[in-house]
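Asks: This is the structure, below, for whatever I ask next.
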Amino acid sequence: FGLEPETRDFIGHAMALYTDDKYQMRPAIETFQRLRLYMDSMARFSAQTKTTKSPYIYPRYGLGELPQSFARLSAIYGGTYMLRKPVEEIVYDDSGVVVGVKSEGEVAKCKFVVADPSYFPAKVRKTGQTVRAICILSHPIPSTDNAASCQIIIPQKTMKRSSDIYISCISASHNVSPQGKFVAIVSATVETQNPRAELEPALKLLGPIDEIFVNVTDNFEPLADGTKDKCFISTSYDATSHFE
C-alpha cells in the first residue's frame, strides 16, 4: 500500500507482533485481526487507567501471580491444586492413553494432561534455542520518557537477522524490585554460535548495567497434537516478551 519500510516494520512487528516477515505472504485479514486486537487492548486498558500509553498489562509481584490466579479460578469450578508434589510418572492404560499422574506413591486420576515439554522428553523435538539476559539497572531505559515499564521490539531487518530481539523492562511499580531498581529482560532466538553477542545491539540501549545474567535454553515442540494419547503438550517459551 505504498508504506515506507520503517512503517511496515512498526505495524507488523510492534503492533501485529509478528516475529518475522513471513506474514507479508499471508492473507491480509490475519494482520488486520492482530491490529484490531492491539487497538481493542489499548482501548480497554486506557478505559481502566485513564491513559493510552500501552495496550499491555503485567501482574504485580511478577509472573508468579498468574498460576495463583489460575488456582483461584480452578477452585471456583471445583478444581483441586496439589502443591509441592513431584511428578514421578505419567500413567497410561493398555492402549497408551494417559489416565493419571503419579506422585509420592499416589496416582491422581485424570482424563487428560496439559504440560510443558519438560515432562515429556520422548514426545517432543528440539526446534532451536533462546538466549536471555536478565539485567539489573539503577535507572529507566534511556529515551523511554523515564517509563517505569516498557517493551521494546527491534525488528529483524534493522539487525540483519531472521527474527526480532525483545526487551521487557519492569520495576518497583510492579513490586518486583526495590525502589530505584529496574529489571530488563533481553531475549532473542539463537541464530549464531555466539548467542551473547546477538544481544549486544539491544544491551546497548539499556545504558549502564549493574548486573547481568545470561542463559541459553533449548526450545521444544510436541511431536503430536495430543488427541490420541490425551497428553496435550505446549511449546517451550520463545523469545517473545508479550506472552501472547
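Asks: Looking at the range 222-229, is at least one residue in a loop (DSSP other than H, G, I, E, B) and over 21 Å from V91 (Cα atoms)?
Replies: no
Asks: While we're on this one: Identify, by number, the condition in (1) touching a Gly at 6+ places or on another chain (Cβ under 7 Å); (2) closer than 24 Å to D229 by Cβ that V114 doesn't meet.
Replies: So the condition that V114 fails would be (1).
Asks: For the range 232-241, what are the residues that are over 12 Å from the mean Cα position of the chain (by Cα) and buried (at least 18 other Cβ atoms within 10 Å of the Cβ)?
Replies: Of everything in the range 232-241, just one residue is over 12 Å from the mean Cα position of the chain (by Cα) and buried (at least 18 other Cβ atoms within 10 Å of the Cβ), namely I233.
Asks: In the range 60-115, what residues are surrounded by 13 or more Cβ atoms within 10 Å (Cβ to Cβ), acidic (D, E) and in contact with a strand residue (DSSP E or B) (Cβ under 8 Å, 6 or more places away or on another chain)?
Replies: E88
Asks: Scanning the range 143-163 for residues that are among the hydroxyl-bearing types (S, T, Y) and open to solvent by 40 Å² or more (accessible area, probe 1.4 Å), which turns out modelled with the lowest pLDDT?
Replies: If we take residues in the range 143-163 being among the hydroxyl-bearing types (S, T, Y) and open to solvent by 40 Å² or more (accessible area, probe 1.4 Å), then T158 is modelled with the lowest pLDDT.
Asks: Something else about it: Give all pairs with beta carbons closer than 7 Å in which a residue from the range 64-88 that is without any contact (Cβ under 8 Å) to a residue 60 or more places away in the chain meets a residue that is open to solvent by 70 Å² or more (accessible area, probe 1.4 Å) and among the aromatic types (F, W, Y); count only pairs at least 6 apart in sequence or on separate chains.
Replies: These pairs meet every condition: A71/Y81; S74/Y81; V87/Y119.
Asks: Would you check which residues across the range 219-231 are more than 19 Å from the chain's Cα centre (by Cα) and not polar (S, T, N, Q) and list them?
Replies: Scanning the range 219-231 gives L223, A224, D225, G226, K228, D229, K230, C231.
Asks: With respect to E244, is the statement that it is modelled with pLDDT under 95, within 18 Å of the chain's Cα centre (by Cα) and open to solvent by 40 Å² or more (accessible area, probe 1.4 Å) true?
Replies: Here the answer is yes, as E244 does meet what is asked.
Asks: Give the residue that is farthest from T235 (Cα to Cα), with candidates limited to residues of the range 97-122 that are in a strand (DSSP E or B) and within 24 Å of the chain's Cα centre (by Cα).
Replies: V113
Asks: Filter the range 197-210 down to the residues that are at negative phi and surrounded by 13 or more Cβ atoms within 10 Å (Cβ to Cβ) and list them by number.
Replies: Of everything in the range 197-210, those that are at negative phi and surrounded by 13 or more Cβ atoms within 10 Å (Cβ to Cβ) turn out to be E198, L199, E200, P201, A202, L203, L205, L206, I209.
Asks: Separate question: Within the set of pairs 6 or more residues apart or between chains, which connect a residue that is closer than 18 Å to I154 by Cα and outside any strand (DSSP E or B) inside the range 172-192 to a residue that is open to solvent by 50 Å² or more (accessible area, probe 1.4 Å) and at pLDDT 95 or above with Cβ atoms less than 8 Å apart?
Replies: V190/Q129; V190/V216
The values are calculated or read from the model by the stated rules, or taken from the named source; none is laboratory data. Predicted model only: the values in this text are computed from it and were never measured. Here Cβ is always computed from backbone atoms with ideal geometry, including for glycine, and neighbour counts include all displayed protein chains. Quick note on the areas: whole protein, heavy atoms, side chains included, nothing else; ligands and nucleic acids left out. Shrake-Rupley method; radii C 1.70, N 1.55, O 1.52, S 1.80 Å.
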